[in-house]
Amino acid sequence: MEKRECKNTDLKLSVLGTGCWTFGGGSYWGKQDQKDVNEVVHASIDLGINYFDTAEAYNDGRSESSLGEAIREIQREKALIGSKVSPSNCYKDMLIKHCDNSLKRLQTDYIDIYMLHWPIHPHAIRHFTNRPNIIENPPEMDETLDALRILKKQGKIRYFGVSNFSSNRLKNLPEEEITVNELPYNLLCRAIEYETLPYCQENGIGVISYMALLQGILSGKYTSIEDIPAMQRRTRHFDSKKNSESRHGEAGAEKEFLLALDGIRAICKSSGLSMAEVAIQWIVQNPAITCTLAGARNIAQLEANVKAVDLKLSQDILAELDIATQRLMNKLGNHFDYYESVENDRTL
C-alpha cells in the first residue's frame, strides 16, 4: 500500500488508516467483539495499513485498551499509533497524567502522534466535562504546548498535532511543531477545502481525514433519509427538528444532500463501482490528504476498504463527483463542525 510522508516528521503513513472508534464497544456503536478487533488489526498490518487512530474519549478509554490488546503481539515498529487528549484535560500536569494513562491502556511505551482532540475553549470543553471550574477556566494553550514538549522530550510521544482545528486557530500555533491536523472529509463533507486544507498544504501540516464513509451513509446501504439511524442523522445535512438526537438546531440541507447522493449513485452505476469504493478512492486521490481513516468491524469490511484503495478513478469521474456534490458543499459552507450550528462551530 502507498505510504505518504507526514511533513515535519520521519513518519510515512499508509494512505488508508484503520479508525478505532468502535473498538471496545459502547453506547454509540454497540458491542464490539475483541476477537474481531484482533483480526482486523492483524489483517490491517498484513494488508499494508500501518496507521491506527484512537482517542482517550472513544468509548471511555476502551478503544485504546482494545487496540492495545490487539497490537500486543505485533512488532511495535510495524504500527503507527495516533491518539488524542480531550481539551478538558489539557492543563499541564493533567495532560501528562492522561498521556500516561493512554500509554497504559495501549500497552506501549510511546504514542507516535498525540493530538489535541478539539480546540481548547469553553464550548468545545462542554462536550467532555460538566465541571464549571474547567469550563469557565479552560487550559491555556501555552501550558498545553509545554506539556506536549515535555512528553516528546521524555520519549512518551514522537510527535504532536491537533484535530478539528480551523486555519484561524492554526495561525496561533507553532506550525513547525504541529505535524498533523485530523479533519472530517468525504464527498458529502467538503468544508475543509475552503480554507483549512489549503492552509495545511501551504504550511507543511499533514492531514489525516476521518469519516470517509460518513459513518456508513456513503456505504450505499441506505435508500432514504428515514433509513439512516438517528445517531447518524445528527449532522447539519439533516433537519434538526426531525431528530431528537440532533443539537445543531438548523433546517439542514436535505434537498442538496439527496441530489448529491443521486449524483453519486449515477456515477457508481455507470462506472460499475460501489459507493464505498468511489467514496474512499475520491479521498485517496487527493494528494493533500496524508491518510484517510475508515473503520472496519470485521475482516470483510476491512478487505472492502483496502480494495477501494487499489482502484483509480479517471479524471472525468473525479470531476463528475465534484460537480455532483458542489451544491451541497456550497449550502453547508465553510464550517466543518457538522454537529453544531454555524454560530456554535467548535473549530473556529
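FYI, it's all coordinate maths here, none of it is from the lab. All values reported here derive from a predicted model rather than from experimental measurement. Cβ placement follows ideal geometry from the backbone for every residue including glycine, while neighbour counts extend to all protein chains displayed.
Table: residues versus (1) within 30 Å of Gln315 (Cβ to Cβ); (2) over 24 Å from the mean Cα position of the chain (by Cα).
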{"site": "Ile208", "(1), (2)": "yes, no"}
{"site": "Gly220", "(1), (2)": "yes, no"}
{"site": "Met231", "(1), (2)": "no, no"}
{"site": "Ser244", "(1), (2)": "no, yes"}
{"site": "Phe257", "(1), (2)": "yes, no"}
{"site": "Val278", "(1), (2)": "yes, no"}
{"site": "Ile283", "(1), (2)": "yes, no"}
Return only the number of the condition from (1) surrounded by 19 or more Cβ atoms within 10 Å (Cβ to Cβ); (2) in contact with a strand residue (DSSP E or B) (Cβ under 7 Å, 6 or more places away or on another chain) that Phe23 does not satisfy. (2)
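This table checks each residue for (1) out of contact with any Pro (no Cβ under 8 Å at 6 or more places or on another chain); (2) of a type in the set (A, V, I, L, M, F, W, C); (3) surrounded by fewer than 14 Cβ atoms within 10 Å (Cβ to Cβ).
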| residue | (1), (2), (3) |
| --- | --- |
| Val309 | yes, yes, no |
| Ser314 | yes, no, yes |
| Ile317 | yes, yes, no |
| Gln326 | yes, no, no |
| Lys331 | yes, no, no |
| His335 | yes, no, no |
| Ser341 | yes, no, no |
Residue by residue through the range 55-80, note down the ones that are more than 16 Å from Gly19 (Cβ to Cβ), basic (Lys, Arg) and assigned to a helix (DSSP H, G or I). Arg76, Lys78
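Across the range 81-110, what is the number of residues that are in contact with a Lys or Arg (Cβ under 7 Å, 6 or more places away or on another chain), closer than 18 Å to Leu145 by Cα and either assigned to a helix (DSSP H, G or I) or among the aliphatic types (A, V, I, L, M) (or both)? Give the steps one after another, and end with the answer.
So in the range 81-110, the residues in contact with a Lys or Arg (Cβ under 7 Å, 6 or more places away or on another chain) come out as 99, 103, 107-108, 110.
Now narrow it down to the ones that are closer than 18 Å to Leu145 by Cα: 99, 110.
Narrowing the set further to residues that are either assigned to a helix (DSSP H, G or I) or among the aliphatic types (A, V, I, L, M) (or both) leaves 99.
Result for the range 81-110: 1.
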Could you check how many residues of the range 166-180 are of a type in the set (Asp, Glu) and over 13 Å from Glu202 (Cα atoms)? 1
Can you pull out the residues in the range 74-90 that are in contact (Cβ under 8 Å) with a residue 24 or more places away in the chain and surrounded by fewer than 18 Cβ atoms within 10 Å (Cβ to Cβ)? Ile74, Arg76, Lys78
Got at least one residue in the range 314-333 being outside any helix (DSSP H, G or I), in contact (Cβ under 8 Å) with a residue 60 or more places away in the chain, touching a strand residue (DSSP E or B) at 6+ places or on another chain (Cβ under 7 Å) and not aromatic (Phe, Trp, Tyr)? no
Over the range 328-348, the set of residues acidic (Asp, Glu) and farther than 14 Å from Arg126 by Cα is Asp337, Glu343
Name the single residue that is farthest from Lys312 (Cα to Cα) among those in the range 1-20 being in contact with a helix residue (DSSP H, G or I) (Cβ under 7 Å, 6 or more places away or on another chain) and buried (at least 17 other Cβ atoms within 10 Å of the Cβ). Cys20
Hits in the range 29-55 (condition: in contact with a Cys (Cβ under 9 Å, 6 or more places away or on another chain) and either farther than 26 Å from Val309 by Cβ or surrounded by fewer than 21 Cβ atoms within 10 Å (Cβ to Cβ) (or both)): none
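Name the residue that is surrounded by the fewest Cβ atoms within 10 Å (Cβ to Cβ), counting only residues in the range 133-187 that are among the aliphatic types (A, V, I, L, M) and not in a helix (DSSP H, G or I). Lay out the reasoning, then the answer.
First pass over the range 133-187, keeping only residues among the aliphatic types (A, V, I, L, M): 134-135, 141, 145, 147-148, 150-151, 157, 162, 170, 173, 178, 180, 183, 187.
Filter again for not in a helix (DSSP H, G or I), leaving 157, 162, 173, 178, 180, 183, 187.
On the way: Ile157: 23, Val162: 22, Leu173: 18, Ile178: 25, Val180: 26, Leu183: 24, Leu187: 26.
That would be Leu173.
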Go through the range 291-348 and count every residue that is under 19 Å from the mean Cα position of the chain (by Cα), farther than 18 Å from Glu2 by Cα and of a type in the set (Gly, Ala, Ser). 2
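Looking for whichever is in contact with an Asp or Glu (Cβ under 8 Å, 6 or more places away or on another chain), crowded, with 16+ Cβ neighbours inside 10 Å and aliphatic (A, V, I, L, M) here; the options are Ile267, Ile289. Which one fits?
Exactly one of Ile267, Ile289 is in contact with an Asp or Glu (Cβ under 8 Å, 6 or more places away or on another chain), crowded, with 16+ Cβ neighbours inside 10 Å and aliphatic (A, V, I, L, M), namely Ile267.
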Could you grab me the full set of residues in the range 29-56 that are closer than 19 Å to Leu106 by Cβ and among the small types (Gly, Ala, Ser)? Ser44, Ala55
What's the number of the condition Phe238 fails, among (1) surrounded by 14 or more Cβ atoms within 10 Å (Cβ to Cβ); (2) under 20 Å from the mean Cα position of the chain (by Cα)? (2)
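Confirm whether Ser270 is hydroxyl-bearing (Ser, Thr, Tyr) and part of a helix (DSSP H, G or I). Steps first, answer last, please.
Values: hydroxyl-bearing (Ser, Thr, Tyr): yes; part of a helix (DSSP H, G or I): yes.
Yes, satisfied.
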So which residues in the range 212-234 are under 19 Å from Gly263 (Cβ atoms), touching a residue at least 24 places away in the same chain (Cβ under 8 Å) and in a loop (DSSP other than H, G, I, E, B)? Ala212, Leu213, Leu214, Gly220
